[in-house]
Amino acid sequence: MQIFVTGATGFIGSALIPELLAAGHQVVGLTRSAEGAEKLWNAGATAHEGTLEDMASLTRGAERADAVIHLAFDHDFSNYQDNCRKDAAAIAALGKALAGSDRPMLITSGIGMGIAGPGELSREDVLDLGHKNPRIASERAGQEPLQKGVNLSTVRLSQIHDRRRQGLVSYLVDIARGSGYATYVGHGQVRWSACHLSDAARLFRLAIDRAERGARYHAVDEEGVSLRAIAEAIGDSFGLPVQGVTADDAEKHLGPMAAFATFDMPASSSLTQDRLGWKPAGPGLLEDIRAMRRD
Ligand SMILES: NC(=O)c1ccc[n+]([C@@H]2O[C@H](COP(=O)([O-])OP(=O)(O)OC[C@H]3O[C@@H](n4cnc5c(N)ncnc54)[C@H](OP(=O)(O)O)[C@@H]3O)[C@@H](O)[C@H]2O)c1
C-alpha cells in the first residue's frame, strides 16, 4: 500500500518508515520543512509538504493514499489543550478524506485514556470519551469518521523509549539536568507503562496491515514502572541526587509535567498481544535511561 504518514520525521515515525518499507509498503510522509523532506528522502520515503494547521494539505495527502497513519502532534505541553484540539481537527480532516472508502486509518492516543478508575490498568476495551486528560480529544475525533464507515483504529502509546529518548521521561531528564536533581512527587508511587521504540513501530505496522475497524491497541511492554525508579535511573545516569517533591510543589518544580507526574497510568496490552500476535521484545525503560549517559 502507499501509506500517508503524518509525523513521519518524528521519533516514532522515523522508526516506523523502515518497518513499513520492509513489509513492502511505500511511505509518503508529511513534512513542514526542507530538512524534513530530505530526511524522508534519505529514509526511502516520499515527502508531502504540509502542516497540521493546513487542512487542505492533510486532505490532499490522505486522498492520494491507500492508508493513513497519523502520528504528528505538537508537543509544546505549555499549550497542551490547544494542541489536543489541533490534533482532533487534523483527525477530522483526514477522516473526511477517507470517508466512503475502506482505506485504513490509524490514529494515535495516550495510554492513560484506557483507565476506568484509580489503581486500575489501562485496557484496550475501556473508552471514556469524557476522560479528564485533554488527549481524549484525539479519540473523540475518531468517533465521527468511524460512524461514517471509515476503517479507523487507534494505537495508544505508553512511554516509548530507546537510549536517546523515553517519552515523557525525557522531559523529566531535562528538568533534572536543569535543576541539579532528579525528582518524583510524593513517595514516587505513580506508575508509567513503557514500550521499546522497535516494538512500538512493529505494532503500528501490524495494526495497519490488519486494518480492523474500531480496534484499539496498546503499545505496552512493561505495565508500570514507578516514578521513583525512573528518578533513580535518571540520577544514576547523570550522577544527580534524587529527591522527592510534595504534591503542592510539583507544579513549581515540574511545570506542565506535574499533571503527568501525578497521573498513575499503569497499562495492559494483553488484548493487543492476543489480537495481533505481537510480542514486545526490546529492552526495558530503566535499562535505556541508565544507558543514556554512556551513549
Ligand atoms: N514518544 C512517546 O513516548 C509517545 C507517548 C504517547 C503518545 N505519543 C504520541 O505519538 C505520536 C508521535 O510521537 P513522537 O514521539 O514520534 O513525536 P515527535 O518526535 O515529537 O514528532 C512529532 C512529529 O509531528 C510533526 N509535527 C509537529 N507539529 C506539526 C505541525 N504543526 N504540522 C505538521 N507536523 C507537525 C513533527 O514534524 P517536524 O519534523 O516538522 O517537527 C514530527 O514529525 C504523537 O501523537 C505523540 O503524542 C508519543
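When the residues of the stretch 31-78 are narrowed to those that are part of a strand (DSSP E or B) and either assigned by TED's automatic domain parsing to the domain that holds Ser170 or within 20 Å of the chain's Cα centre (by Cα) (or both), which ends up farthest from the ligand (Cβ to nearest atom)?
Step one: filter the stretch 31-78 for residues part of a strand (DSSP E or B), giving 31, 46-49, 67-70.
When the remaining residues are screened for being either assigned by TED's automatic domain parsing to the domain that holds Ser170 or within 20 Å of the chain's Cα centre (by Cα) (or both), the result is 31, 67-70.
Working: Thr31: 6, Ala67: 17, Val68: 13, Ile69: 10, His70: 8 Å.
Among those that are part of a strand (DSSP E or B) and either assigned by TED's automatic domain parsing to the domain that holds Ser170 or within 20 Å of the chain's Cα centre (by Cα) (or both), it is Ala67.
When Leu121 is tested against (1) open to solvent by less than 30 Å² (accessible area, probe 1.4 Å); (2) of a type outside the set (Phe, Trp, Tyr); (3) touching a Pro at 6+ places or on another chain (Cβ under 6 Å), just one condition goes unmet, and that condition is (1).
More than 16 Å from the ligand (Cβ to nearest atom) and on the phi < 0 side of the Ramachandran plot: does that describe Gln143?
Values: more than 16 Å from the ligand (Cβ to nearest atom): yes; on the phi < 0 side of the Ramachandran plot: yes.
For Gln143, the condition - more than 16 Å from the ligand (Cβ to nearest atom) and on the phi < 0 side of the Ramachandran plot - is met.
Check Phe77, Phe73 and return the single one that is crowded, with 17+ Cβ neighbours inside 10 Å, among the aromatic types (Phe, Trp, Tyr) and over 18 Å from Leu206 (Cβ atoms). Reasoning before the result, please.
Details: Phe77 fails: crowded, with 17+ Cβ neighbours inside 10 Å.
Every option except Phe73 fails the conditions.
Residues of the stretch 22-60 that are among the polar types (S, T, N, Q) and open to solvent by 20 Å² or more (accessible area, probe 1.4 Å): Gln26, Ser33, Asn42, Thr46, Thr51, Thr59.
Scanning the stretch 98-116 for residues that are of a type outside the set (A, V, I, L, M, F, W, C), outside any strand (DSSP E or B) and open to solvent by 10 Å² or more (accessible area, probe 1.4 Å) yields Gly100, Ser101, Asp102, Arg103, Pro104. For beta carbons closer than 8 Å, sequence separation of 6+ or different chains, a first residue in the stretch 218-239 that is on the phi > 0 side of the Ramachandran plot and a second that is modelled with pLDDT under 95 and of a type in the set (D, E, K, R), the qualifying pairs are Gly239/Arg293. Scoring Arg123 on the criteria (1) of a type in the set (Lys, Arg); (2) under 22 Å from Ser269 (Cβ atoms); (3) without any contact (Cβ under 8 Å) to a residue 12 or more places away in the chain leaves a single failure, condition (3). The set of residues in the stretch 185-239 that are in contact with a Ser or Thr (Cβ under 8 Å, 6 or more places away or on another chain), under 30 Å from Asn151 (Cβ atoms) and aliphatic (A, V, I, L, M) comprises Ala194, Leu203, Ala207, Ala211, Ala215, Ala219, Val220.
If I filter the stretch 171-189 down to residues being open to solvent by 20 Å² or more (accessible area, probe 1.4 Å) and within 16 Å of the ligand (Cβ to nearest atom), which single residue comes out as farthest from Ala219 (Cα to Cα)? Steps first, answer last, please.
Taking the stretch 171-189 as the starting set, the residues that turn out to be open to solvent by 20 Å² or more (accessible area, probe 1.4 Å) are 171, 174-175, 177-181, 184, 186-187, 189.
Cutting the leftovers down to within 16 Å of the ligand (Cβ to nearest atom) gives us 171, 174.
On the way: Tyr171: 20, Asp174: 24 Å.
The extreme case among them is Asp174.
Scanning the stretch 250-286 for residues that are of a type in the set (Ser, Thr, Tyr) and without any contact (Cβ under 8 Å) to a residue 40 or more places away in the chain returns a single hit, Ser270.
Taking the criterion of being open to solvent by less than 10 Å² (accessible area, probe 1.4 Å) and away from the ligand (no atom under 16 Å from the Cβ), the residues of the stretch 210-231 that qualify are Ala215, Ala231.
Per-residue answers, yes or no, for (1) open to solvent by less than 20 Å² (accessible area, probe 1.4 Å); (2) within 21 Å of the chain's Cα centre (by Cα); (3) among the hydroxyl-bearing types (Ser, Thr, Tyr):
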| site | (1), (2), (3) |
| --- | --- |
| Ala194 | yes, yes, no |
| Leu197 | yes, yes, no |
| Ile208 | yes, yes, no |
| Gly239 | no, no, no |
| Asp248 | no, no, no |
| Pro266 | yes, yes, no |
| Met292 | no, yes, no |
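The values are calculated or read from the model by the stated rules, or taken from the named source; none is laboratory data. Keep in mind that what you see is a predicted model, and the values were worked out from it rather than measured. Don't worry about glycine lacking a Cβ; one is built from the backbone with ideal geometry, like all the others, and counts go over all protein chains shown. Please note that ligands, DNA and RNA were not included when accessible areas were found on the heavy atoms of the full protein model with its side chains. Shrake-Rupley method; radii C 1.70, N 1.55, O 1.52, S 1.80 Å.
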